[in-house]
1. Confirm whether Leu443 is in contact (Cβ under 8 Å) with a residue 40 or more places away in the chain and either over 28 Å from the mean Cα position of the chain (by Cα) or surrounded by fewer than 16 Cβ atoms within 10 Å (Cβ to Cβ) (or both).
2. Looking at region 171-210 only, could you name the residues that are free of Cβ contacts under 8 Å to residues at least 24 places away in the same chain and not basic (Lys, Arg)?
3. Look through region 79-122, keep the residues that are touching a residue at least 12 places away in the same chain (Cβ under 8 Å) and charged (D, E, K, R), and return whichever of them is farthest from Lys319 (Cα to Cα).
4. Looking at Leu132, Leu187, Leu109, Leu113, can you tell me which residue is surrounded by fewer than 22 Cβ atoms within 10 Å (Cβ to Cβ) and touching a Phe, Trp or Tyr at 6+ places or on another chain (Cβ under 9 Å)?
5. Filter region 255-291 down to residues that are in contact with an Asp or Glu (Cβ under 9 Å, 6 or more places away or on another chain) and within 24 Å of Leu168 (Cβ to Cβ) and give me whichever is surrounded by the fewest Cβ atoms within 10 Å (Cβ to Cβ).
6. Residues that are touching a residue at least 40 places away in the same chain (Cβ under 8 Å), of a type outside the set (S, T, N, Q), surrounded by 18 or more Cβ atoms within 10 Å (Cβ to Cβ) and over 25 Å from Ser89 (Cβ atoms): does region 374-396 have at least one?
7. Any residue at all in region 217-240 that's more than 28 Å from Glu301 (Cβ to Cβ), crowded, with 21+ Cβ neighbours inside 10 Å and not assigned by TED's automatic domain parsing to the domain that holds Thr382?
8. Scan region 305-322 for residues that are touching a Leu at 6+ places or on another chain (Cβ under 9 Å), over 13 Å from Ala147 (Cα atoms) and charged (D, E, K, R) and report the count.
Amino acid sequence: MKLLRELPKVDKFISHPVFEGLCTPLLTQIAREAIESLREAILKEEVSSVDEESLIQRVKNTYDAFFEPSLKPLINATGVILHTNMGRSLISECLLERAKPIICNYSNLEYNLQEGCRGERYEHVSGHLKNLLHVEDVLVVNNNAAAVFLILNTFAKNKEVVVSRGELVEIGGSFRIPEVMKQSGALLHEVGATNKTKPTDYANAISENTAMLMKVHQSNFAMEGFSEDVNYKTIKALAHKNGLIDYYDLGSGYIPKLPYNLGNREASLDEILACQPSLISFSGDKLFGSVQAGIIAGSKELIDALKKNQLLRMLRVDKITLSLLEESIKAYLKEEYEAIPTLWLLFQNVEDLTQRALRVRACVGEHYCDVVQSDTYMGGGTLPNRKFPTIALHIKGKASALEKKFREHYVIGRIENEQFLLDFRSLLPSVESQLIQTIKTVLDLK
């Protein structure tokens, strides 16, 4: 076919001045695929001419799009502070600036400045964490799932771990406690009923092959009505009496007293650590409000054993995580809670949220939106079924269409009662001007 002879040669095509300075291997691949696609279209008689200028622009656009970041900054207007799909906890710019000199330079990550020899990376956060949590020792791994796996593999391989049936949870990404135990080599001994477990259930399950009594936080769900579980203090006492390890997979741990009575059914780290547990673990990026990490705390003897497990090298954290985590811990020690966005957002009172929403409405125009009261949830598997008050901006119009348009502008809201809402509970003040501009753009306001 005549048109096929008009297709450019790849090597000549990529020599066009438009492509000067671009990565040749990638450009060649994109150009070859574009020309081949055009060839197939010609054979199918879907095109009647070869427009080389159009082909050049198409290849250039594809090349440029390749280098666009896949990760995009979003405005979280869902009201869910610990939104798992949007990265959970935020890191404040002030903590990032404090950590920046370490992240962007060589550091003593594993170098002992006093002795001039190899050091230990965990010591950089252990001192501050031990002071904050008042425990003998701590260890940080890359997430809480890793913490659970490491603990079970170290202390319960081919041994039994007693867990309540009501705590055999599955969290996001099909992470199931029974499967993790199986992979770690531990043997699950489930006790009690789904809705009720008693101290005698644990006591009767203990045998010569039992290594650990384990309690698991009920992430993402809560039991109501005819239900009963065993508190950690009782489990700790029973484990101590029988010479066993007690371990609490807390999932999410918090330090200051939570507002809106959210702590009524969720013990704080201080309350749990007052029981002097053998081991606990929790996520760094949930209610603790820092980076993704699994924080293990408890007995120095047991922490030392964890450090000797060869798996630790596969589960260790890098210098960026350690630097940011250290700054978060120091902010806690100084009670600089405003430097921890998760806590700052949670502690915002309804009156302040209302004033912020009213300011945005005034900039947009009262005809286009209303300020409404609502409720929200913390997210990230924390505080299950515990709602608390929030304030949102109802953008008038068809909710589904608005949700899509705002999402195209990287603003994620929510639909409630057939209304599209922008919830201020999860909005930082620093994004309000951008939000106002986005609202005006979506609604085509001048």
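1. Criteria met by Leu443.
2. Gly173, Ser174, Pro178, Glu179, Thr200, Asn204, Glu208 - these are the residues of region 171-210 that are free of Cβ contacts under 8 Å to residues at least 24 places away in the same chain and not basic (Lys, Arg).
3. Arg88
4. Only one candidate qualifies: Leu132.
5. Selected residue: Cys275.
6. Yes: region 374-396 contains one or more residues that are touching a residue at least 40 places away in the same chain (Cβ under 8 Å), of a type outside the set (S, T, N, Q), surrounded by 18 or more Cβ atoms within 10 Å (Cβ to Cβ) and over 25 Å from Ser89 (Cβ atoms).
7. Scanning region 217-240, I find at least one residue that is more than 28 Å from Glu301 (Cβ to Cβ), crowded, with 21+ Cβ neighbours inside 10 Å and not assigned by TED's automatic domain parsing to the domain that holds Thr382, so the answer is yes.
8. The number of residues fulfilling the criteria is 2.
The values are calculated or read from the model by the stated rules, or taken from the named source; none is laboratory data. Here the structure is a predicted model, which means the values were calculated and not measured. All Cβ positions, even for glycine, are placed from backbone atoms using ideal geometry, and neighbour counts span all protein chains on display.
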